[in-house]
Amino acid sequence: MTVPTESKTSSVPTKERAAEMLTRLIVSAVESDVGEGDPVSASEPHGLDTRAGSDLPPQAAAQLQEAFRVFTDASTRFSQHYALLEGRVAQLNLELEEANARLRLNLMEKQKVQEYLSALVESLPIGVIGTSPKGVVESCNRRAAEILEQDAAQACRRSLEEVLRAAGASAESVAEALAGERRGVGAVEIAIERPSDGRRRVLRVRLVPTALTSAAEPLGSESPAAARVVLIEDVTDIRRLEHQADRNNRLTAMGEIAMNVAHEIRNPLGSIELFASMLQRELAGDPSQESLAAHICSGVRCVDHIVANILQFARPQRLNASEFDLRELIDETLVFAEHAVRHKRIAIERGYTRRALYMKADAELLKQMFLNLFLNAIQATPEGGAIGVESIPNGRTVEIRVWDTGCGLGPDIIGRIFDPFFTTRRKGTGLGLTIVHNIVSAHQGSIDVENRPEGGALFSIVLPKRIPRSVEDAPVSAFGCNDTRRSDTWEG
């Protein structure tokens, strides 16, 4: 049995042509099995060719036609569902593109917020360090790197304890800072010695739990919520100003007492000197008794000299401001100390700028200040040692450092070194550094003292290059910076 070929001009759709071909193949197979090979005709329904004498059994033909009808219906439904699926895919693609656009916009907004917060943290005036649950530094802003004198990248991935120790903090102070949160202390102040110059700084360290952190979890806990934010602030200048304010109050109170006592002593002292002089004249014929009266007069004059010095220091003076070169003023002052320098064979090291450093201040008072500092340094320096002076311009101010190579100062001495009448020498009056302190304060400056890492003491004076006009007109007392009282208040 043969299957007729499909006409090239047929207008049957592609899916129906496929069905027709399949029908012909099936019919051909059935006819070969039956043994009657009449060709299939396309005139029958669904393209079934059943020429005369070669028809299939009626039941088989009906089943076959029903099968092709089901196939055609299924193919039609498949085409419809495929069209619906294509539409749904197109809609999902559109929704996906819109979701991707929203996601990109959200990511951009989050990136902007993250950059803003990073810039905000970087611009904070205090150091901010972020630690992991194990206490490892994860982030470090610019101010923290400046305070700790470490590179931010180097500080990261190291433990907080290592970072603080590298900044110059002792093991005890680091342990105290890390344990402060558990004790509920809050901020803990620790002292460090800067690796760059060895100078002492005071840092306030506070460990702040994050929002998910329990305060009871210590630093280094394995809990994933045990991360901390560490706030570090350099409070050295604040503590120095507080110390200076306390020192000024103490000096003012002590000066008031000293001046009142000196004023009250001078009146009866004059009477004692008068009567001792009269007694000395009456005992002129008795050498043994006359010498005793002479000793009385000499002692009275010595006491009067001390009282006169106190009143002279306490008497308010007005600053006589003039413009001068600081380098020349320091060199002129060193000339007055040249004899003591040669006597002890002390070397003088100068650290000036090459350019002239002009200031407007009271030149005579500054000479007195420098002379007291130089003599104090010479007396503290052993024979064959060295003293140094250097100036460091800094905008509207200038820092002057005077140092020596002596044995340095003990902690108890540093706290009292500017107090009136405090001295460590047998023949000292204890007023030299008090005068230095108040001359600096009169010029709206500051002075501090500390021990050098190489040995010896270091006095750091910060003065404005030009004192304000209001300071020029204010009277200056040796015991209290600027005194608004009349200059004749303390006349003896």
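The values are calculated or read from the model by the stated rules, or taken from the named source; none is laboratory data. Just so we're clear, the structure is a prediction, and the values are computed from it rather than from any experiment. Neighbour counts run over all protein chains shown; Cβ positions are idealised from the backbone, glycine included.
Annotation note: of Val300, Val341, Val335, the sole residue that is over 19 Å from Lys465 (Cβ atoms) and in contact with a strand residue (DSSP E or B) (Cβ under 9 Å, 6 or more places away or on another chain) is Val341.
So which residues in segment 294-330 are among the small types (Gly, Ala, Ser), modelled with pLDDT under 80 and farther than 30 Å from Thr397 by Cβ? Across segment 294-330, the qualifying residue is only Ala308.
Would you check if Ser170 is among the hydroxyl-bearing types (Ser, Thr, Tyr), assigned by TED's automatic domain parsing to the domain that holds Pro209 and surrounded by 13 or more Cβ atoms within 10 Å (Cβ to Cβ)?
Answer is yes for this residue.
Considered as a group, the residues in segment 261-281 that are of a type in the set (A, V, I, L, M, F, W, C) and under 60 Å from the mean Cα position of the chain (by Cα) include one that is nearest to Leu292 (Cα to Cα), and that residue is Leu269. Out of all the residues in segment 258-265, is one or more modelled with pLDDT of 75 or more and exposed (fewer than 12 other Cβ atoms within 10 Å of the Cβ)? Scanning segment 258-265 turns up at least one residue that is modelled with pLDDT of 75 or more and exposed (fewer than 12 other Cβ atoms within 10 Å of the Cβ). Scanning segment 443-492 for residues that are at pLDDT below 55 and within 21 Å of Ile392 (Cα to Cα) yields no hits at all. Which residue, of Gly87, Gly127, Gly168, is modelled with pLDDT under 85 and either out of contact with any Lys or Arg (no Cβ under 6 Å at 6 or more places or on another chain) or not aliphatic (A, V, I, L, M) (or both)? Being modelled with pLDDT under 85 and either out of contact with any Lys or Arg (no Cβ under 6 Å at 6 or more places or on another chain) or not aliphatic (A, V, I, L, M) (or both) holds for just one of Gly87, Gly127, Gly168, which is Gly168.
Scan segment 90-111 and tell me whether some residue there is touching a residue at least 12 places away in the same chain (Cβ under 8 Å) and not aromatic (Phe, Trp, Tyr). Within segment 90-111, not a single residue is touching a residue at least 12 places away in the same chain (Cβ under 8 Å) and not aromatic (Phe, Trp, Tyr).
Would segment 96-111 turn up any residue that is under 26 Å from Pro209 (Cβ atoms), assigned to a helix (DSSP H, G or I) and among the polar types (S, T, N, Q)?
Among the residues of segment 96-111, not one is under 26 Å from Pro209 (Cβ atoms), assigned to a helix (DSSP H, G or I) and among the polar types (S, T, N, Q), which makes the answer no.
If I ask for residues that are buried (at least 23 other Cβ atoms within 10 Å of the Cβ) and either among the aliphatic types (A, V, I, L, M) or out of contact with any Pro (no Cβ under 9 Å at 6 or more places or on another chain) (or both), which ones from segment 437-457 would you list? Answer for segment 437-457, where residues must be buried (at least 23 other Cβ atoms within 10 Å of the Cβ) and either among the aliphatic types (A, V, I, L, M) or out of contact with any Pro (no Cβ under 9 Å at 6 or more places or on another chain) (or both): His437, Asn438, Ile439, Val440, Ala442, Ile447, Ala457. Of the residues Thr131, Thr76, the single one that is touching a residue at least 60 places away in the same chain (Cβ under 8 Å) and of a type in the set (Val, Ile, Thr) is Thr131.
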